[in-house]
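The values are calculated or read from the model by the stated rules, or taken from the named source; none is laboratory data. Note that this is a predicted model, so its numbers are computed, not measured. Note that we place each Cβ from the backbone using ideal geometry, even for glycine, and neighbour counts take in every protein chain shown.
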Ligand SMILES: [Zn+2]
């Protein structure tokens, strides 16, 4: 084997064939081979032996709102990608809204890439945005390398990113289907939201009542119908309502091209535990009841839910007012997704190979990142090294994202990220982060 510069060795490496002792040979940032644990280390290669700590493929988080440029006081590429590196994530895909400009034209994409390039501590890709008036921009954005297009079916929260009605959705889906693109959808039906009781309140129950399950269920039903009719590929973002799982399972079985994600907050936090005024727990769709959470875990076990991603969507503290109706909706969890999910997964009898399937392999497949998501020859040498048994208590002061607000403050979680590796280089060494070396990713390169 030529030019191996690094061998990363552990008694527990998670490969597509399972967890085993192995030595990962890295050459030029790429995995050259996955060898037996006691394989001879090639001359000139550095050996890093992490003992019994588990080596996972670097996590892929395909749902991150970086907000840079334009709302960098909320978050930015420097801080978001540092949080990712600290949390074992080696690739993020940035959402097209909340930054100014939004990623809705090729020109805007280039603005965002130029801002991200010098700040990226992990690899960064971009979703484009589908608006009522930018159908003509979708093909050029696709050609320019976005991984797909996000749209809303109800108001997004920012005026520069309006939602699509069913007719506009159909037009965009037809356009995207023409080049086998992917539409990722915030699926809440505006009519159900408008009909739900809306009141100014610091009580979580009032907020929950304002974002009913039916809003999700109806939007997903309509989306599946459109995807079936137009032959388009669609993805349901941040599923909260477990009622929709049978609909999605049936559509998949029928051959409709639909996938779905859920998020750490829906899978580890419950409506019952949210204190009055605690709007760090506010997001849309909302965190629902414990019984709903149990059903979402069943959806993961059944393989209906394809991936778990953060939907990290921060704001400044002043926008997190105690009134749930007016507070900014978004939960900050980029750095904590892996330990949050692992803590709950192990309690429910899942193992780390499941977590890797949901948080690395699944999101990589969703975005078509074929060099990511697995430890095998030919993929990028991106790794997270985890002590799965160690615990820590979440201290917001130790988080890397810009506004250190989080719904997980004070929680004791299992799973300490010991180091993170990107293209064969250690970018996080026990919480000490290296200078930026992330790359900007474009579809098909
Ligand atoms: Zn989001």
statement: A careful count of residues in the stretch 294-339 that are surrounded by fewer than 15 Cβ atoms within 10 Å (Cβ to Cβ), at pLDDT below 95 and touching a helix residue (DSSP H, G or I) at 6+ places or on another chain (Cβ under 8 Å) gives 1
field: Residues located in the stretch 360-389, provided they are assigned to a helix (DSSP H, G or I) and under 18 Å from residue 19 (Cα atoms)
entry: 360, 361, 362
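Results for (1) assigned to a strand (DSSP E or B); (2) modelled with pLDDT under 95, shown as yes or no for each residue.
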{"position": "391", "(1), (2)": "yes, no"}
{"position": "403", "(1), (2)": "no, yes"}
{"position": "414", "(1), (2)": "yes, no"}
{"position": "438", "(1), (2)": "no, no"}
query: Do we have residue 224 as under 24 Å from the mean Cα position of the chain (by Cα) and more than 16 Å from the ligand (Cβ to nearest atom) here?
result: yes
Residues located in the stretch 74-96, provided they are assigned to a loop (DSSP other than H, G, I, E, B) and more than 22 Å from residue 109 (Cβ to Cβ): 87, 88
- prompt: What about residue 326, is it touching a residue at least 60 places away in the same chain (Cβ under 8 Å), more than 18 Å from residue 245 (Cβ to Cβ) and within 16 Å of the ligand (Cβ to nearest atom)?
  reply: no
Conditions (1) crowded, with 21+ Cβ neighbours inside 10 Å; (2) within 20 Å of residue 339 (Cβ to Cβ); number of the one not met by residue 52: (1)
- request: Could you tell me which of the residues 33, 25, 39 is in a strand (DSSP E or B), surrounded by fewer than 23 Cβ atoms within 10 Å (Cβ to Cβ), at pLDDT 95 or above and out of contact with any helix residue (DSSP H, G or I) (no Cβ under 9 Å at 6 or more places or on another chain)?
  value: 33
query: Can you spot a residue in the stretch 338-349 that is part of a helix (DSSP H, G or I), more than 16 Å from the ligand (Cβ to nearest atom) and within 21 Å of residue 77 (Cβ to Cβ)?
result: yes
query: When you scan the stretch 84-103, how many residues do you find that are more than 26 Å from residue 356 (Cβ to Cβ) and either in contact with a strand residue (DSSP E or B) (Cβ under 9 Å, 6 or more places away or on another chain) or more than 16 Å from the ligand (Cβ to nearest atom) (or both)?
result: 6
message: Considering only residues that are away from the ligand (no atom under 16 Å from the Cβ) and assigned to a loop (DSSP other than H, G, I, E, B), which ones fall in the stretch 57-69?
response: 58, 69
query: Which residues, counting only those in the stretch 303-319, are within 16 Å of the ligand (Cβ to nearest atom) and either in a helix (DSSP H, G or I) or over 21 Å from the mean Cα position of the chain (by Cα) (or both)?
result: 319
message: What's the total number of residues in the stretch 200-223 that are without any contact (Cβ under 8 Å) to a residue 40 or more places away in the chain, part of a helix (DSSP H, G or I) and within 22 Å of residue 280 (Cα to Cα)?
response: 1
message: Just checking: which of the helices (runs of 4 or more DSSP H) contained wholly in the stretch 235-302 hold 2 or more residues that are away from the ligand (no atom under 16 Å from the Cβ)?
response: 245-254, 290-301
